[in-house]
1. Contact list please: Cβ distance under 6 Å, first residue in the stretch 65-92 and in a helix (DSSP H, G or I), second residue of a type in the set (Val, Ile, Thr) and crowded, with 18+ Cβ neighbours inside 10 Å, pairs at least six apart or on different chains.
2. Within the stretch 202-213, is even one residue of a type in the set (S, T, N, Q), under 23 Å from MET17 (Cα atoms) and within 16 Å of the ligand (Cβ to nearest atom)?
3. Taking only the stretch 7-27 into account, find how many residues are in a strand (DSSP E or B), more than 17 Å from PHE215 (Cα to Cα) and of a type in the set (Gly, Ala, Ser).
4. Filter the stretch 217-242 down to residues that are in contact (Cβ under 8 Å) with a residue 24 or more places away in the chain, within 16 Å of the ligand (Cβ to nearest atom) and either closer than 20 Å to ASP160 by Cα or in contact with a strand residue (DSSP E or B) (Cβ under 8 Å, 6 or more places away or on another chain) (or both), then give me how many there are.
5. Against the condition crowded, with 18+ Cβ neighbours inside 10 Å and under 21 Å from VAL61 (Cα atoms), how does LEU166 come out, does it pass?
6. Tell me whether the stretch 153-163 contains one or more residues that are in a helix (DSSP H, G or I) and surrounded by 15 or more Cβ atoms within 10 Å (Cβ to Cβ).
7. Cβ-Cβ under 6 Å, sequence separation 6+ or interchain: first residue in the stretch 182-198 and over 19 Å from LEU208 (Cβ atoms), partner within 14 Å of the ligand (Cβ to nearest atom). Which pairs?
8. Is it fair to say GLY65 is small (Gly, Ala, Ser), closer than 22 Å to ARG143 by Cα and more than 16 Å from the ligand (Cβ to nearest atom)?
Amino acid sequence: MDAILSLNNVSKKFGNMPVLKGIDLDINKGDFVALLGSNGAGKTTLVKIMSALSSPSEGTVMVNGNDISKDQGSLRSLIGVISHETYLYNDLTAVENLRFFGQMYGIESKKLEVRINGLLEQVELVKRADDRVSTFSRGMKQRLSIARALLHEPSILFLDEPYTGLDQHAAHTFEKVLLELDPKDTTRLMITHDINRTYNMCDRVIILDKGSIVFDSLMSEVTSAEELRNIYLSHVGNNDTF
Ligand SMILES: Nc1ncnc2c1ncn2[C@@H]1O[C@H](COP(=O)(O)OP(=O)(O)OP(=O)(O)O)[C@@H](O)[C@H]1O
């Protein structure tokens with residue numbers, strides 16, 4: 001078994017409210033997993049727990065066979081997160097932000113400069129490299145946060161609705177970056193409400209409903225985006241995903 005991420009009986013309560021209920025899940029190395037579910041199903045909470053940004057009320061999360069609660073620091077360096085929260089510093093320029101995060105991850109300085117230049121090119125921000133982030137549009141900030149998340153070449157990349165704020169061109173560019181990541185090196189898990197993208201990009205689909213996994217399948221078992229939409233509707237019973 002080649003599980004890079006393993007959840008055993010993970011539950012989360014906020015006060016008395018159960019948000020995740022006994023989640024058991026193995027994610028294999030190189031998987032590109034889509035996590036679908038309606039608003040409030042618990043997707044972001046699950047991803048925060050898997051990325052060591054939040055602790056479960058019960059259960060364990062293992063990354064590469066190590067308990068995430070015991071060694072958060074070193075395991076975090078294996079993880080990249082792209083979410084609505086950009087984690088960028090407004091008063092620093094694009095390059096200064098990437099340098100800051102690169103140094104935090106202990107990337108050697110020559111390698112870091114090469115990596116920064118390459119990523120700024122990939123997210124098409126070379127011309128704005130020396131501008132402060134406070135002058136960036138939301139889409140530019142999102143593109144820079146993509147570069148930030150990929151800087152240390154994470155083994156697992158969590159994407160929480162990464163297309164939010166991207167125009168069509170930026171979304172296309174991002175899609176290319178995402179699909180060019182070598183599955184040998186990067187396992188990807190993406191929260192999204194976009195059925196077509198899920199069907200076209202991902203190789204496994206998980207549907208979460210009211211804190212439980214209600215569907216989990218290889219995409220090769222699903223014959224079309226239309227079938228996936230029907231599966232989603234039959235489990236979740238509303239149409240907030242398109
Ligand atoms: N810090 C918190 N304190 C209290 N309740 C919380 C907290 N974070 C999330 N919740 C609640 O947990 C439930 C699940 O939230 P979560 O953000 O995980 O859902 P989601 O599936 O990601 O939804 P969406 O698609 O809207 O982003 C919601 O009812 C939410 O209000």
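1. LEU75/VAL63; LEU75/ILE68
2. Initially, the stretch 202-213 is screened for residues of a type in the set (S, T, N, Q), giving 212.
The next check asks that each one be under 23 Å from MET17 (Cα atoms); those that pass are 212.
Next, only the ones that are within 16 Å of the ligand (Cβ to nearest atom) stay: 212.
Yes.
3. 1
4. 6
5. On the way: crowded, with 18+ Cβ neighbours inside 10 Å: yes; under 21 Å from VAL61 (Cα atoms): no.
In short, no.
6. Initial filter on the stretch 153-163 (in a helix (DSSP H, G or I)): none.
Taking every residue of the stretch 153-163 in turn, none turns out to be in a helix (DSSP H, G or I) and surrounded by 15 or more Cβ atoms within 10 Å (Cβ to Cβ).
7. none
8. On the way: small (Gly, Ala, Ser): yes; closer than 22 Å to ARG143 by Cα: no; more than 16 Å from the ligand (Cβ to nearest atom): yes.
For GLY65, the condition - small (Gly, Ala, Ser), closer than 22 Å to ARG143 by Cα and more than 16 Å from the ligand (Cβ to nearest atom) - is not met.
The values are calculated or read from the model by the stated rules, or taken from the named source; none is laboratory data. These numbers come from a predicted model, not from an experiment. In this analysis, Cβ positions are derived from the backbone assuming ideal geometry, glycine residues included, and neighbour counts consider all displayed protein chains.
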